[in-house]
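**Student:** Here it is, the structure, as structure tokens.
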Amino acid sequence: MLHVVTPSTVSNRSTMKIRKVPRKLIGHGFGILPRGSLGSSLYWRMIMEVSFLRYLLALSPFPVLILMFPDLALPIGQAPALMFLMVYLVESRVLSVDNPERRRRLMPEEEAERGADIATVRGREILTRIAAKRGLKAGELHMVIEQSALARIPPMTFVSVQTDTPEPQVLDLDEEERQMIQDGLFDAEFTEERMHVTSLALGRFMHDVTLETRSVSAHARLEALATA
């Protein structure tokens, strides 16, 4: 589930106010989801990022057991250690990859770094096109690729383009620029799922791709003008 985060694609524009670059946005809650996304697959996936709701889900077997075995309601209800253990197991063993050994079983480190390199190369290509299209010649552009740390559920990827020139901000990308990201970051060879395994294997869930706008070639700028 890829969501390109810009001031015009979120329901709460105040969440786009940042003080430094790169800035992680995935922790800003439901305000960074698109308007009208209530009930969408992205909305329901975002619910899984709320730890309190995950704890309730992990504890859901206990009321079911109480209903099935009412005679055991008192001992079941007075077993906080067992409840804590259930939450811990779900959070640390089911929904996360919590140690290097388990990460290595997902993907060799060399292959994981190769996946991160692919994302970097593709991100810079997209940033180059955006910088050339906008005629930017000073400062840096950052493509911030964020993925959820939760494992064994569908991946969720938030992508934003940020800059500190003239001040830290999340760029408001137009439809064409958002489509560049949608079409250029993932494909059949390098999928969002592969990127997610890469992030889990590396234990790195925010990838910052940086481009010096002055490094954009004259050829890329001419090509952008021709396309326009």
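**Student:** I want to make sure I understand the PRE zone here: with the label point 7 angstrom from the Cα of F62 toward its beta carbon, which residues in the stretch 82-102 have backbone N atoms less than 15 Å away?
**Tutor:** What the label zone holds, given the 15 Å backbone N cut-off, is 82-91.
**Student:** To the nearest 500 deg cm²/dmol, what mean residue ellipticity at 222 nm is calculated for the chain from DSSP H runs of n ≥ 4 alone, each contributing -39,500 (n - 2.57), summed and divided by the residues?
**Tutor:** Computed ellipticity for the chain at 222 nm equals -13500 deg cm²/dmol.
**Student:** Related question: Students often check this: by mean Cβ neighbours within 10 Å, which of 65-75, 156-166, 117-127, 42-52 ranks highest, and how do the rest follow?
**Tutor:** Highest to lowest by the protection proxy: 156-166, 117-127, 42-52, 65-75.
**Student:** Which aspartates and glutamates, on any chain, are close to K137 with Cα under 13 Å apart, when same-chain ones fewer than 8 places away are left out?
**Tutor:** Partners within reach: E212.
**Student:** A further question follows. How would you order 84-90, 15-21, 167-173 from highest to lowest mean count of nearby Cβ atoms within 10 Å?
**Tutor:** Sorting 84-90, 15-21, 167-173 by mean packing, highest first, produces 167-173, 15-21, 84-90.
**Student:** Any idea of the accessible area per residue across the stretch 48-101, 1.4 Å probe, to the nearest Å²?
**Tutor:** Accessible area per residue, the stretch 48-101: 69 Å².
The values are calculated or read from the model by the stated rules, or taken from the named source; none is laboratory data. What you see is a predicted model, and the numbers here were worked out from it, not measured in a lab. Neighbour counts are summed over all protein chains in view; Cβ atoms, including those assigned to glycine, are modelled from backbone coordinates with ideal geometry. Each accessible area value is taken on the protein alone, full model and side chains, heavy atoms only, with ligands, DNA and RNA left out. Shrake-Rupley method; radii C 1.70, N 1.55, O 1.52, S 1.80 Å.
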